[in-house]
Amino acid sequence: TIGGAPPSTAENDHTRKVVPMSKDALQDFMVSIITQKLQDEKLPFYVLDLGEVVSLMDQWNNALPNIRPFYAVKCNPEPSFLSMLSALGSNFDCASRAEIEYVLSLGISPDRIVFANPCKPESDIIFAAKVGVNLTTYDSEYEVYKIRKHHPKSELLLRIKPMDDANARCPMGPKYGALPEEVQPLLRAAHAARLTVSGVSFHIGSGDADSNAYLGAIAAAKEVFQTAARFGMSKMTILDIGGGFTSGHQFTTAATAVKSALSQHFHDEPELTIIAEPGRFFAETAFTLATTIIGKRVRGEIREYWINDGLYGSMNCVLYDHATVTATALACMSNRGNVNCGGSKTFPSTVFGPTCDALDTVLRDYQLPELQVNDWLVFPNMGAYTKAAGSNFNGFNTSAIVTHLAYAYPS
Ligand code: PLP
């Protein structure tokens with residue numbers, strides 16, 4: 001069975017039974033959406049595969065059973081996706097008042113939120129105090145003063161800068177994290193302000209990050225625990241290992257690195273709660289984007305197509321997230337013999353986004369079959385840092401792109 005409303009809660013057995021969709025099932029689902037709802041307007045849309053989310057959560061729980069995920073909402077705040085993650089037991093990392101509001105509006109309690117932005121506007125801190133979000137990160141003395149003034153009940157995690165995140169597609173180190181020589185003054189500042197520093201957080205960098213970076217970061221976190229103990233501060237109980245996880249074989253490598261570093265450095269901390277802030281891991285592969293070809297030009301062998309989403313919309317990930325996107329014609333997606341697939345011949349193709357900016361070019365020199373205006377072009381793995389950061393430049397409004405939920409049971 002595919003399509004329809006999502007299974008509602010983890011207690012509901014269905015939630016655990018759904019499986020990732022096959023390419024055939026996904027193709028059928030997209031065709032049914034187009035035929036039933038989008039025949040005339042042909043607007044782009046996403047499909048969220050709930051079975052993929054279940055599978056990813058199973059992979060997380062199997063590989064890192066003692067590490068509680070706090071999904072990073074910024075990566076993709078789609079409400080049905082957040083609800084599914086919540087039903088599967090995830091907690092949430094929020095970066096702003098608005099993200100806290102999204103999560104609370106889904107009926108999720110504030111103690112399942114970490115306000116993981118080391119530099120928050122004062123108004124957001126006041127809001128966190130009001131709604132009872134009582135765990136946040138910091139990496140500057142000025143943050144201590146703001147929190148002391150507006151939310152003295154909040155517990156703190158000292159965000160440190162890991163040494164080795166240079167390989168990540170999006171390094172975080174240039175912007176966030178205390179340097180080793182800043183750790184002591186920052187602990188003392190919080191202590192003097194009578195704030196509780198409950199633990200340490202870091203982020204090794206996002207996208208293709210080097211799993212070995214977890215080793216250095218976890219070792220550095222342990223040194224902060226020891227420094228705090230030497231100062232006679234109350235015992236730290238939380239280690240937040242941040243995000244940076246990618247699904248697939250890289251996840252296995254990362255989980256092995258994390259477990260090995262934890263057993264080396266934190267085996268003597270039985271009271272420790274370990275949390276993480278995965279974004280990309282849960283979002284990337286769960287969403288598939290379907291776009292329509294709205295224009296075509298032939299220049300010799302080269303085929304040029306315009307589609308109705310682009311670099312100012314969902315594919316902003318090419319610029320901001322340094323991502324590479326891939327595309328398949330909807331008719332060519334399945335393994336069932338591609339009768340409507342434009343034949344077996346392919347052409348070097350350029351795919352442009354809809355805006356009038358030449359920068360808005362999604363794919364270049366990309367092999368595609370002969371396609372026509374109104375055909376659909378499908379982009380897999382489009383869940384991470386896509387729609388969330390899109391704009392409405394030229395009036396093409398990313399936030400109007402609708403997500404359809406799909407799930408499949410094992411056949
Ligand atoms: N936590 C924080 C504080 C972040 O800034 C980010 C990404 O920017 C994440 C978690 C999620 O990172 P990822 O998607 O690499 O797991």
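The equivalent ellipsoid that matches the C-alpha gyration tensor of segment 164-295 spans semi-axes of 33, 17, 13 angstrom, in descending order.
Taking one quarter of the surface of the convex hull spanned by the alpha-carbon atoms of segment 76-125 gives a direction-averaged projected area of 3.4 nm². Normalised by 2.2 N^0.38 Å, where N counts its residues, the alpha-carbon radius of gyration of segment 1-160 equals 1.26.
In what order do Ser411, Ser247, Ser96 fall by count of nearby beta-carbon atoms within 10 Å, going from fewest to most?
Ser411, Ser96, Ser247
Note on the chain: with a GNM built from Cα contacts shorter than 10 Å, the maximum mean-square fluctuation among His203, His249, His322 falls on His249. Using only the alpha-carbon atoms, how far is helix 50-63 inclined from the longest principal axis of the chain? Give it as 0 to 90 degrees, nearest 10. Taking the Cα atoms of the chain, the angle to 50-63 is about 40 degrees. Once the gyration tensor of the Cα atoms in the chain is diagonalised, the equivalent ellipsoid follows with semi-axes of 42, 22, 20 Å, ordered largest first. Charged side chains reduced to their Cβ positions (Lys and Arg at +1, Asp and Glu at -1) give the chain a dipole of some 380 debye around its Cα centre. Just to be sure I understand the curve: with the Debye formula and one point per C-alpha of segment 179-252, what is log10 I(q)/I(0) at q = 0.12, 0.17, 0.24, 0.26 Å⁻¹? Rounded to two decimals, the profile gives -0.39, -0.68, -1.07, -1.19. If you take all other residues with their beta carbon under 12 Å from the beta carbon of Ala389, and give Lys and Arg +1 and Asp and Glu -1, the sum is +1. Sorting Ile108, Ile307 on the 10 Å Cβ count, fewest up front, what's the list? Fewest-to-most Cβ neighbours within 10 Å comes out as Ile108, Ile307. Shown in residue order for segment 185-196 are the 3J(HN,Hα) couplings computed by the Karplus curve 6.51 cos²θ - 1.76 cosθ + 1.60 at θ = phi - 60°: x, 6, 5, 5, 4, 5, 4, 5, 7, 6, 9, 8 Hz (x for Gly and Pro).
For segment 213-224, backbone phi angles converted through the Karplus equation (6.51, -1.76, 1.60; θ = phi - 60°) give residue-by-residue couplings of 4, 4, 4, x, 5, 5, 4, 5, 4, 4, 4, 5 Hz, Gly and Pro being listed as x. Taking the DSSP bridge list for the chain and keeping only pairs wholly inside it, about 40 percent are antiparallel. Just to be sure I understand: with springs between alpha-carbon atoms less than 10 Å apart, which residue in Arg194, Arg112, Arg303 has the highest mean-square fluctuation in the Gaussian network model of the chain? Top of the fluctuation ranking is Arg194.
Given segment 151-290, what percent of its DSSP beta bridges are antiparallel, to the nearest 5? DSSP beta bridges in segment 151-290 are roughly 10 percent antiparallel. Compared with the direct C-alpha span, the chain from Asp111 to Ser96 gains 3.8 nm at full extension, assuming 0.36 nm per residue. Pairs of alpha carbons in segment 292-337 separated by more than 12 Å make up 73% of all such pairs. Each residue of segment 11-80 gets 135 Å³ once the volume of the Cα convex hull is shared out per residue. Compactness of segment 104-231 is given as radius of gyration and Dmax, 14.9, 42 Å, from Cα positions. By the count of neighbouring beta-carbon atoms within 10 Å, fewest first, Val183, Val73, Val19 end up ordered Val19, Val183, Val73.
What does the helix-only formula give at 222 nm for the chain: each DSSP H stretch with n ≥ 4 adding -39500 (n - 2.57), the total divided by the residues, and the result rounded to the nearest 500 deg cm²/dmol?
Numbers: 12 runs with 129 residues, N = 411.
Taken over the chain, the calculation gives -9500 deg cm²/dmol.
According to the Cα-based calculation, Rg over Rh for segment 301-367 is 1.01, with Rh computed by the Kirkwood formula.
Percent of alpha carbon pairs in segment 49-97 separated by more than 17 Å? Across segment 49-97, Cα pairs with separations above 17 Å total 31 percent. Projected over all directions and averaged, the alpha-carbon convex hull of segment 233-379 occupies 12.9 nm². The alpha-carbon atoms of segment 91-172 define a convex hull whose volume equals 101 cubic angstrom per residue. The base-10 log of I(q)/I(0) for segment 363-411, evaluated at q = 0.13, 0.15, 0.16 Å⁻¹, reads -0.54, -0.70, -0.79 [Debye formula, identical scatterers on Cα atoms, solvent excluded]. Computed extension length for Lys23-Ala63: 11.8 nm, one decimal, from 0.36 nm per residue of separation with the Cα-Cα distance subtracted. If you take the alpha carbon atoms of segment 329-411 and fit the smallest convex hull around them, that volume is 143 Å³ per residue.
All of the numbers you see were taken from the coordinates with simple rules; none came from a lab. Everything numeric in this text was worked out from a predicted model, so none of it was measured. Every residue, glycine among them, receives a Cβ derived from its backbone with ideal geometry; neighbour counts consider all protein chains shown.
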